[in-house]
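Down below is the structure, laid out as structure tokens.
Please treat every number below as a calculation from the coordinates, not as lab data. No experiment lies behind these values; they were computed from the predicted model shown. Methodologically, a virtual Cβ is constructed for each residue, glycine included, from the backbone with ideal geometry; neighbour enumeration extends over all protein chains shown.
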Amino acid sequence: MKKSLVALTVAAIAASGANAATLFNQNGSKLDVTGSARVMLVNQTGSRTDLQNDGSRVNFKFTQAISDDLSALGHIEIRPSGEDFGGGITTKYVYAGLESKSVGELTFGKRKTAGDNFTLADPTEQFTNVKGAVGLTTNAQKVINFTSSDYYGFGLQASYIFDNSAAKRSDVVKTDANGNSVTVDTRDGDANAWQALLTYNVDLAQDVSMQAHALYAIQKATNKDDQSNTVSNKIWGLSTGLNAYNFGLAVDYLHAKQNSNNTADFMSYMSQSNKDTTINAKEAKAFQVAATYQVTEPMDVYAVFHQFKYKDIAGVSGTSVRLRGFSLGSHYQINKNVLTYVEYDSNKANMSDAKRDNKFYAGLRVFF
């Protein structure tokens, strides 16, 4: 479930409704298990209707008290591999660290980054990937992450992302097809990043609250074949939202720009085969606005408009591509542990050969 300001009570309760099953709790040591089974029907333009796994998962969380304020923690999340209910089991997240009630949490390992918590205007389950549209890293294999405790409504989350390979560079001299000696690097280029997210939450009145997020990130990658050619993707974003009684309204904006000599691949929804594809550009802007309404206690409805724009396509100055789309959906909570949803999404790029992509999802999630 997306952690979004405008994901109202129906979605929020279902995501946290199931109490953790405590397998062990003795002498300050505690092991909890939670999870969910998730399935969905999918219909996309150009494809047959299909039944898929929707990210079913099991979470194990271990905590060990050190003092009244400090504890150690470990977290593992496992999931079935793939969408077709076949294959084995994959480890989605695994990390460990320390948690202080007064200061915050510091963890090390494979986990989500600060960028994953940026959006407030995304109540959907499948669509409006504004973070992916600008290439923002939302999870990685090697992350140091700090999440502060709340201070008068303010919070800070910071992540440093290591390159996947710890191997040092090893330049080898080889002979090319023309008989010339060339220096070749034996490993992939470096890739590291850091992200900082500032959050603010405030209750303005009874049943009225506001949230605001500010993000800044630098993501770097060095070209394997040209060590002097480093792509630096600088990303900043602002998000704000308001909840008033049964209504929610929020806006997300993200801007990414490469250093002047390079382009980078951004995620987009431009494929006529209805799959997320990449587009090579120097600059990307992503905007979305979402509104939600809680119709009854077990049901909400929501609508999202999004626009992604890319400039200097493949490094060609003055070129641009724009994608616009919308999403409509509804959650219905059967009980505190069972959630259903339906969603419809439509997108089209402003290219002469582009076709409109339409997608429809119906999902069932059982939490435990």
Subject >> Trp236 versus Asn192: modelled label distance in nm, points set 7 Å from Cα along the beta carbon direction >> reply: 2.4 nm
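Please report the net charge: other residues with Cβ closer than 12 Å to the Cβ of Ala286, K and R +1, D and E -1.
Numbers: positive: Lys131, Lys285, Lys309, Arg322, Arg324; negative: Asp122, Asp252, Glu283.
Overall, the nearby charge balance is +2.
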Original post:
Name the trypsin sites (Lys or Arg not before Pro) in segment 37-70 that are in a loop by DSSP and that have at most 11 other C-beta atoms within 10 Å, would you?
Top reply: Arg48
Subject >> Fewest-first ranking of Ile78, Ile66, using other Cβ atoms within 10 Å as the exposure measure >> reply: Ile66, Ile78
Original post:
If you stretched the chain out fully between Asn139 and Tyr151, how much longer would it get, using 0.36 nm times the residue separation minus the C-alpha to C-alpha distance?
Top reply: 1.8 nm
Original post:
What does a probe at Ser100 reach in segment 143-157, counting residues whose amide N is under 16 Å from the point 7 Å along Cα→Cβ?
Top reply: 145-151, 156-157
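What is the sum of charges around Trp236, taking Lys and Arg as +1, Asp and Glu as -1, for the other residues whose C-beta is under 14 Å from the C-beta of Trp236? Intermediate values should be presented prior to the final figure.
Working: positive: Lys131, Lys234, Lys257, Lys285; negative: Asp252, Glu283.
After counting each charged neighbour, the total is +2.
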**OP:** Would you kindly state how much longer the chain becomes between Asn280 and Ile89 on full extension, computed as 0.36 nm times their sequence separation minus their alpha carbon distance, in nm to one decimal?
**Re:** 65.4 nm
Original post:
Between Ala205 and Phe247, what FRET efficiency follows from the Cβ-Cβ distance if R0 is 22 Å, with the result rounded to 0.05?
Top reply: 0.95
Original post:
For Glu297, Glu99, Glu83, what ranking results if the residue with the fewest other Cβ atoms within 10 Å of its Cβ goes first?
Top reply: Glu297, Glu83, Glu99
**OP:** Describe numerically, in nm with one decimal, the distance between label points set 7 Å from Cα along Cα→Cβ at Leu328 and at Asn25.
**Re:** 4.6 nm
